[in-house]
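Report on the structure given below.
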Amino acid sequence: MSGPNTDYDPVEVTPLKAEEVDAARDAALAAIAGAQDLEQLKQVRLEHAGDRSALALANREIGALPPQARKEAGQRIGQARGAVNKALAERQTVLEAEHEARILVEEAVDVTLPTDRRPAGARHPLTTGAELIADIFVGMGWEVAEGPVIEAEWLNFDALNLGPDHPARTMQDTFWTDPPEDHLVLRTHTSPVQARTMLTTTPPIYVVCPGRVFRTDEYDATHSPMFHQVEGLAIDEGITMGHLKGTLDHFAGAMFGEGITTRFRPSYFPFTEPSAEVDLTCFVCRGSGLKAGSSESCRTCRGEGWIEWGGCGIVNPRVLRACGVDSDRYTGFAFGMGIDRTLMFRHGLEDLRALFEGDVRFTTAFGSEL
Ligand code: DAH
């Protein structure tokens, strides 16, 4: 059952006179022509062609006319409504086309405009520096080895001939982890990676081990509680100090340029015997000991012509045996350098802290090394 026709309001019924119908049609056509956009046209449609528009109401009244008047009124109203609907459809097409054309212009992307691209980051000089060092050795057929920064006390010390009471343990101010019975340290050097490699690999062994190390040092221009080392280890039959010297000379030349070599000074490390400190030709005065163009001493090496670079030696047979290497058949050499220190030399940095403080104005200067 249909409900009451609530839309029907006899008071609003439009008279069906011909001029009223024509006037309603003309008002509708004028409003359609005047609609400036799709939103306005929607309103016009509601007002002039909707259920409560003059023409719709007139249409409803046709049935109430005497039969002889119905035909003419029906025709007139039908034509008027037809004209209005046609005008609406045409205006709709025009306005839609205009709308699309406007969107094309307004939302066009100018691909020639400069972009606001963020500057590309550069990899940290320590990362690229460590890679450069590794590449020099990979170029000689060596491999790269890594180990954990939280290390077993045994690997950091004992395996390297640094027993619990060895006085040299105090040379390396160690961070111990809790609880002490775990016997774990933040590794004080990269040398435990030597021990790890010998324990897991059969000679010949040729490895470089770059990595982070920790010591309870005050933070200043030349010290940091966290810094970086690169360790080298070669184990083979018949390895001599001569191989060590040749390898480090090549490393120095590749890192600092032709004419830069090394010299050895006798020293002591528990894991090597004999041991030596490695000095590098001063890269500022290139060994002359003099300030450029003057008779004054070079400031960097204080007139020495050499600067301290690291430690090295022939691997102590006790270390070979502790790490399962046949010390009758094999000998080896090892060395260790500070990467941070090496980069300070290479780039003329005066303050080690620049490498750790994350200031992009510093690190992007190394962007070209990407
Ligand atoms: N591990 C030593 C240190 O941190 C450096 C070092 C010296 C490493 C001699 C070696 C070496 O492999 O043979 O002071």
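Miscellaneous remarks
- Index of the failed condition, M241 passing every other in (1) more than 27 Å from L355 (Cβ to Cβ); (2) free of Cβ contacts under 8 Å to residues at least 24 places away in the same chain: (2)
- Members of segment 195-205 found to be more than 20 Å from L162 (Cβ to Cβ) and within 14 Å of the ligand (Cβ to nearest atom), listed by number: I205
- Just so you know, in segment 257-268 the residues that are crowded, with 17+ Cβ neighbours inside 10 Å and either under 40 Å from the mean Cα position of the chain (by Cα) or not assigned by TED's automatic domain parsing to the domain that holds T342 (or both) include one that is farthest from the ligand (Cβ to nearest atom), and it is I260.
- The lone exception for T170 - which of (1) in a helix (DSSP H, G or I); (2) modelled with pLDDT of 95 or more it fails: (2)
- Enumeration of residues in segment 71-95 that are exposed (fewer than 15 other Cβ atoms within 10 Å of the Cβ) and either touching a Ser or Thr at 6+ places or on another chain (Cβ under 6 Å) or basic (K, R) (or both): K71, K86
- Residue that is nearest to D236 (Cα to Cα), among those in segment 317-361 that are buried (at least 21 other Cβ atoms within 10 Å of the Cβ) and of a type in the set (S, T, N, Q): T331
- Top-ranked residue of segment 293-315 - restricted to ones that are open to solvent by less than 20 Å² (accessible area, probe 1.4 Å) and assigned to a loop (DSSP other than H, G, I, E, B), ranked as farthest from the ligand (Cβ to nearest atom): C298
The values are calculated or read from the model by the stated rules, or taken from the named source; none is laboratory data. Predicted model, so just to flag it, every value in this text is computed and none were measured. Cβ sites come from the backbone with ideal geometry, for glycine too, and all protein chains shown count toward neighbours. To get the accessible areas, we keep the full protein, side chains included, count just its heavy atoms, and leave off ligands, DNA and RNA. Shrake-Rupley method; radii C 1.70, N 1.55, O 1.52, S 1.80 Å.
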